[in-house]
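The numbers here are math on the coordinates, done by the rules we state, and not lab data. In this text the structure is predicted, and so the values were computed from the model without any measurement. Glycine also receives a Cβ, built like all others from the backbone with ideal geometry; neighbour counts cover every protein chain displayed.
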Amino acid sequence: MTLTAPGSLQTDSAGARPAAGGPVPPSPARGLVCRNCGATFGLIAEHACAECFGPLEVDYDPERLRAVTREQIEAGPQNIWRYAALLPVGQDPADRVSLDPGMTPLVRADRLAAELGITGGLWVKDDSANPTHSFKDRVVSLAATAAKRLGYSKIAAASTGNLANSVAAHAARVGLPSYVFIPADLEPGKVVQSAVYGQTLVAVDGSYDDVNRLTSELAETDEFEDTAFVNQNVRPYYAEGSKTVGYEIAEQLGWRIPAQVVIPMASGSLLTKVDKAWRELAAAGVVEATEWRVFGAQSAGCDPIATAFDNGWDVVKPVKPTGIAKSLNIGNPADGPYALDAIRRTGGSVGRVGDEQIVQGIRDLARTTGVFAETAGGVTVAVLRQLVEDGRLDPTKETVVLNTGEGLKTLDPLEPVVGPTHRVEPSLRSARAAGLIG
Ligand SMILES: Cc1ncc(COP(=O)(O)O)c(C=O)c1O
Ligand SMILES: [Zn+2]
C-alpha cells in the first residue's frame with residue numbers, strides 16, 4: 001500500500017470499474033451527516049462535526065436503500081458483504097480489507113427460555129463464531145476497507161480488548177502495519193490474542209478512557225498522520241459494520257424483526273446500529289415494519305448509560321469503570337445519548353448486573369445452550385434474567401440476546417468457580433469410590 005495523504009471516498013468513481021462478476025454496484029452512501037446539528041459533509045476521514053463537534057454518521061441515499069431486495073442479499077456471500085448494498089464501502093470485492101466475518105449462528109435457546117419463563121421464543125445471536133471471536137470483526141472490516149479507500153497506510157485502535165484482537169488480525173492478513181493500544185490490566189487471553197499476530201501492541205498504564213485520550217493525541221502527531229484510528233478518524237465507517245448484526249438476525253428469522261432484543265453496551269454504538277439496521281430494512285420493504293423494543297445491558301461496575309436511563313437524563317455522566325466485564329468498561333461512552341434515544345424511542349429499558357451475576361449469566365448460557373460467552377455475554381444474559389424478573393421484558397414475545405464474544409477470551413473469572421466434578425485414578429476401583437459407577 002502506498003503512503004498517500006488521506007482523501008475522500010468520493011474521489012473514486014465507484015461503479016465505473018468492471019469486476020469479475022460484472023459491474024460493481026455504486027455505494028449507497030452519499031456523505032456524512034452530523035447526528036447533533038444535521039450538517040452534511042462528503043465521505044471524508046473525519047468523525048466530528050466541524051460546526052459543533054457532534055459525531056458524524058454515514059448518510060445514505062434513501063432511493064438506493066429502498067432499491068435493496070431480499071433476493072439481491074440472498075445471492076451474496078455467506079458473510080457481512082452480502083449486505084454491501086446497505087454499507088458505505090466494500091461493494092467491490094477487490095476493495096475489501098476483511099476477514100469476511102458474519103453470518104454467525106442464531107441459536108434457538110429453548111432450555112434457557114424455559115428456565116427464565118420466556119414463552120414467546122428466545123434466540124442467542126452467537127458472534128463468538130466470528131474469525132477473531134467477537135462482533136468487532138464486523139466493524140474492523142468496514143474500518144479497514146474505508147481506511148484503504150481513503151488512502152491511509154496504517155491502522156490503529158484504542159481498545160478494551162476485542163477490537164485489539166480484530167485490528168491486529170486484519171492487519172496481519174493483508175500485511176498492513178497496525179498499532180493497537182490497550183489498558184495494561186486486560187485479561188491475559190485478550191493480550192495474547194492481540195500479541196500473537198506480531199503487530200505493535202502498546203499496553204497503557206491507565207483505563208480505556210485514558211487510552212482513548214492518548215490515541216486522540218497521537219492521531220494529531222506527524223508520525224500518525226497516515227494512520228486510520230478505526231474507532232476515531234474513520235469511526236463513521238467503522239460503526240456501520242455493527243448494522244450487519246441486525247440484518248443477519250432479521251434474515252435468519254426468515255426476514256422478520258424480533259419483538260425484543262438485549263444488547264451489551266460499552267460505547268453504545270452496537271445498540272444504535274442494530275436499531276438503525278432494522279429501520280433501514282423496514283423502510284426498504286425487505287421486512288414488515290413491526291414494532292421492536294431495544295434493551296441495553298451494562299455491568300454495575302460501569303453503568304453510565306443505565307444511570308442516565310434511570311434518572312431520565314439525556315446526557316451521560318462519565319464514571320470510572322471497575323469489575324470483570326472489561327470489554328464493556330468504557331466510562332465515557334461516545335454513543336451513550338444515541339443509545340438512550342433508541343432505547344426510549346422503542347420503549348425498551350436498561351439493566352445492570354454485578355460481577356457474581358455476570359459469572360452466573362455465563363454459566364447459565366453455557367449450561368442451557370452450549371454457548372460459552374465472554375463476560376460481555378454474561379452481562380447480557382444476566383440482564384435478560386433481571387428484565388424478565390422485573391416485568392420490564394415481555395416473556396410472551398420473541399426475544400433475541402446477543403453474545404458478542406467468546407468465553408475462552410475471559411477464563412479468569414470462571415477458573416475459581418468451575419472445574420472437574422471428579423478426580424480419579426485410572427482404575428474402576430477409583431471410579432467406583434468416586435461414585436461414577438455402583
Ligand atoms: C464483547 C463486546 N461486546 C459488546 C461491546 C460493546 O460495543 P459498543 O462499544 O459498540 O457498545 C464490546 C465493545 O468493546 C465488546 O468487546
Ligand atoms: Zn454538528
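Please name all residue pairs, on different chains or six or more residues apart, with Cβ atoms under 6 Å, provided the first residue is in the stretch 25-51 and is within 20 Å of residue 147 (Cβ to Cβ) and without any contact (Cβ under 8 Å) to a residue 24 or more places away in the chain and the second residue is within 16 Å of ligand 2 (Cβ to nearest atom) and not in a loop (DSSP other than H, G, I, E, B).
The qualifying pairs are 41/31; 41/32.
Does residue 393 satisfy the criteria of being in contact with a strand residue (DSSP E or B) (Cβ under 7 Å, 6 or more places away or on another chain), away from ligand 1 (no atom under 16 Å from the Cβ) and not in a helix (DSSP H, G or I)?
yes
Specify the residue that is surrounded by the most Cβ atoms within 10 Å (Cβ to Cβ); the eligible residues are those in the stretch 314-340 that are within 16 Å of ligand 2 (Cβ to nearest atom) and not in a loop (DSSP other than H, G, I, E, B).
The selected residue is 338.
Condition check ((1) within 16 Å of ligand 2 (Cβ to nearest atom); (2) surrounded by fewer than 20 Cβ atoms within 10 Å (Cβ to Cβ)) across all residues:
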| position | (1), (2) |
| --- | --- |
| 36 | yes, yes |
| 40 | yes, yes |
| 49 | yes, no |
| 54 | yes, yes |
| 64 | no, yes |
| 72 | no, yes |
| 77 | no, yes |
| 88 | no, no |
| 91 | no, no |
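When the residues of the stretch 406-425 are narrowed to those that are surrounded by 11 or more Cβ atoms within 10 Å (Cβ to Cβ) and either over 30 Å from the mean Cα position of the chain (by Cα) or without any contact (Cβ under 8 Å) to a residue 60 or more places away in the chain (or both), which ends up nearest to residue 185 (Cα to Cα)?
414
Being in a loop (DSSP other than H, G, I, E, B) and either touching a helix residue (DSSP H, G or I) at 6+ places or on another chain (Cβ under 9 Å) or within 21 Å of residue 353 (Cβ to Cβ) (or both) narrows it down to one of 239, 277, 266, 306, so name that one.
Just one listed residue meets the conditions, 266.
Here are some residues: 68, 58. Which one is more than 11 Å from ligand 2 (Cβ to nearest atom), out of contact with any Pro (no Cβ under 6 Å at 6 or more places or on another chain) and touching a residue at least 40 places away in the same chain (Cβ under 8 Å)?
68
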